[in-house]
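The values are calculated or read from the model by the stated rules, or taken from the named source; none is laboratory data. On a predicted model such as this, the values are computed, not experimentally measured, just so you know. Cβ sites come from the backbone with ideal geometry, for glycine too, and all protein chains shown count toward neighbours. Each accessible area value is taken on the protein alone, full model and side chains, heavy atoms only, with ligands, DNA and RNA left out. Shrake-Rupley method; radii C 1.70, N 1.55, O 1.52, S 1.80 Å.
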Amino acid sequence: MTRIVLPGLVDVHTHLRVPGGEHKEDFASGTAAALAGGITTILAMPNTTPPLSTPEVLAATRETAAATIRCQVGLFAGASPAHLGRLAACAPYAVALKIYLNDTFGSLRVEELPDLQRCFAEWPREKLIAMHAEGQSVAVGISMAAIYERPVHFCHISRRDEIELIAAAKERGLPITCEVTPHHLFLTKADAARLGPLGDMRPRLVEQSDVDALWAHIDDTVDCIATDHAPHTLAEKHSASPPPGVAGLETSLPLMLTAVHNGRLTLERLAELIAANPRRIFGLPPQPDTRVEVETDAAYTIENQNLYTRCGWTPFAGMEVRGKVLKVILEGRTVFEEGRVTAEAGSGRLVMDRSNFS
Ligand code: NCD
Ligand code: ZN
Ligand code: ZN
């Protein structure tokens, strides 16, 4: 048996559904799922109901989080055209700003140029801006980064043309970073056809050639692996208008370790993508005395039954992977052991980016 030790993983793209979507996930269930997946820090997305777009909603959500989280959690503020006057006031409560340029789950969207300009002018320069940008919107985001001379992080990049545009922008020295998700690295359109609504998310699954392009850029252009954990119940997924999104917290590390086993990237590179890079890009504090012990030899099958996420299903059910999390130590405390999350709700901490301390 080969036991490896990794640093605590950081997931910069998690939907925890508080407030308003607690039947899909809440802070206690979502952070349990994170720990079961070896993830000790997560950044929670703002497309909640109501969205995290005012200081009041952010402050109240931080209070709920403080009482119920089991690992370290930071919040995104969400750019909402109706509340742009409050952007700067949101900053003390959030690690970064999220701007949705394209259609996805929830109502947050920035569609007009003056609103986008206002986000870049008013969100504090020392804090990051992350974007849901697909297709041509990636070019919009790159140009905003160039014109305002400030970093932009692209969420869940999925297509060949997008990753190639980002590579070109980086070559020109623009302050651009990006994440890719395990589902875009392991699944294609063909899986979407097989899975139906359980294989539907934004961005959608695409061609094998797109998947190949993401892998071809895994050692240079890709900065982070992020889960885009987006839980919806099976009832919602099987309804007449299924919402897009799939769970990912508990399957990301085994899938990526399977890729290491298959020689697609090195373990050293994986550690950069899942821990060092996201921490640096978002300016997150280090986690002393934190480690994830993983058994990497034995193959096993991903099953819906064993999940901590409240939605209770994964598009990867039935897939054979390697990399079973044995134990997670978070800042000196054992928080996961022998298949069980042992961290109490409320034992996690809210985190901020480094700009709040300087
Ligand atoms: C996300 C969700 O459900 O909140 N859905 C998705 O398909 N990825 C929203 C998002 O990340 O765009
Ligand atoms: Zn998105
Ligand atoms: Zn998302």
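Which one is surrounded by the fewest Cβ atoms within 10 Å (Cβ to Cβ), of the residues in segment 308-350 that are touching a helix residue (DSSP H, G or I) at 6+ places or on another chain (Cβ under 9 Å) and more than 28 Å from residue 259 (Cα to Cα)? So the residue we want is 346.
Rundown of residues vs (1) surrounded by fewer than 18 Cβ atoms within 10 Å (Cβ to Cβ); (2) among the hydroxyl-bearing types (Ser, Thr, Tyr), yes/no style:
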position: 60; (1), (2): yes, no
position: 67; (1), (2): yes, no
position: 82; (1), (2): yes, no
position: 91; (1), (2): no, no
position: 100; (1), (2): no, yes
position: 113; (1), (2): yes, no
position: 117; (1), (2): yes, no
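In segment 110-129, the condition of being away from ligand 2 (no atom under 16 Å from the Cβ), assigned to a loop (DSSP other than H, G, I, E, B) and basic (Lys, Arg) is met by at least one residue. If we scan segment 243-255, do we find a residue that is touching a residue at least 60 places away in the same chain (Cβ under 8 Å), open to solvent by 30 Å² or more (accessible area, probe 1.4 Å) and out of contact with any Gly (no Cβ under 7 Å at 6 or more places or on another chain)? No. Put simply, of 143, 158 the only residue that is hydroxyl-bearing (Ser, Thr, Tyr) and within 15 Å of ligand 3 (Cβ to nearest atom) is 158.
Out of everything in segment 102-111 that is within 11 Å of ligand 1 (Cβ to nearest atom) and open to solvent by less than 40 Å² (accessible area, probe 1.4 Å), what residue ends up being nearest to residue 228 (Cα to Cα)? Among those that are within 11 Å of ligand 1 (Cβ to nearest atom) and open to solvent by less than 40 Å² (accessible area, probe 1.4 Å), it is 104. Per the listing 158, 209, the residue uniquely closer than 24 Å to residue 260 by Cα and open to solvent by less than 20 Å² (accessible area, probe 1.4 Å) is 158. Filtering 238, 232 for residues that are in contact (Cβ under 8 Å) with a residue 12 or more places away in the chain and buried (at least 20 other Cβ atoms within 10 Å of the Cβ) leaves a single hit, 232. The residues of segment 305-358 that are under 21 Å from the mean Cα position of the chain (by Cα) and at positive phi, listed by number, are 312, 323.
Evaluate segment 180-200: report whether one residue or more is within 16 Å of ligand 2 (Cβ to nearest atom) and open to solvent by 10 Å² or more (accessible area, probe 1.4 Å). Yes, the conditions are met somewhere in segment 180-200. For segment 177-221, the candidate set comprises residues that are β-branched (Val, Ile, Thr) and touching a residue at least 60 places away in the same chain (Cβ under 8 Å); within that set, the residue that is nearest to residue 103 (Cα to Cα) is 181.
Evaluate the following for residue 179: is it in a loop (DSSP other than H, G, I, E, B), closer than 27 Å to residue 269 by Cα, of a type outside the set (Lys, Arg) and within 16 Å of ligand 1 (Cβ to nearest atom)? Here the answer is no, as residue 179 does not meet what is asked.
When you scan segment 221-234, do you find a residue that is in a helix (DSSP H, G or I), more than 16 Å from ligand 2 (Cβ to nearest atom) and not basic (Lys, Arg), even just one? Yes, segment 221-234 has at least one match. Scanning segment 243-276 for residues that are away from ligand 3 (no atom under 16 Å from the Cβ) and outside any helix (DSSP H, G or I) yields a total of 6. Within segment 54-77, can one find any residue that is within 15 Å of ligand 1 (Cβ to nearest atom), in contact with a strand residue (DSSP E or B) (Cβ under 6 Å, 6 or more places away or on another chain) and either of a type outside the set (Lys, Arg) or more than 20 Å from residue 352 (Cβ to Cβ) (or both)? Yes - at least one qualifying residue is present in segment 54-77. For segment 289-323, the set of residues classified as farther than 14 Å from residue 35 by Cβ and part of a strand (DSSP E or B) consists of 295, 296, 297, 298, 299, 300, 301, 320, 321, 322, 323, listed by residue number. Residue-level analysis places residue 169 outside the set of residues that are in contact with a Lys or Arg (Cβ under 6 Å, 6 or more places away or on another chain), open to solvent by less than 10 Å² (accessible area, probe 1.4 Å) and more than 15 Å from ligand 1 (Cβ to nearest atom).
Selection of segment 37-50 for residues being among the small types (Gly, Ala, Ser) and either farther than 18 Å from residue 182 by Cβ or surrounded by fewer than 24 Cβ atoms within 10 Å (Cβ to Cβ) (or both) yields only 44. The set of residues in segment 44-74 being in contact (Cβ under 8 Å) with a residue 60 or more places away in the chain, touching a Lys or Arg at 6+ places or on another chain (Cβ under 9 Å) and not in a loop (DSSP other than H, G, I, E, B) consists of 66, 72, 73.
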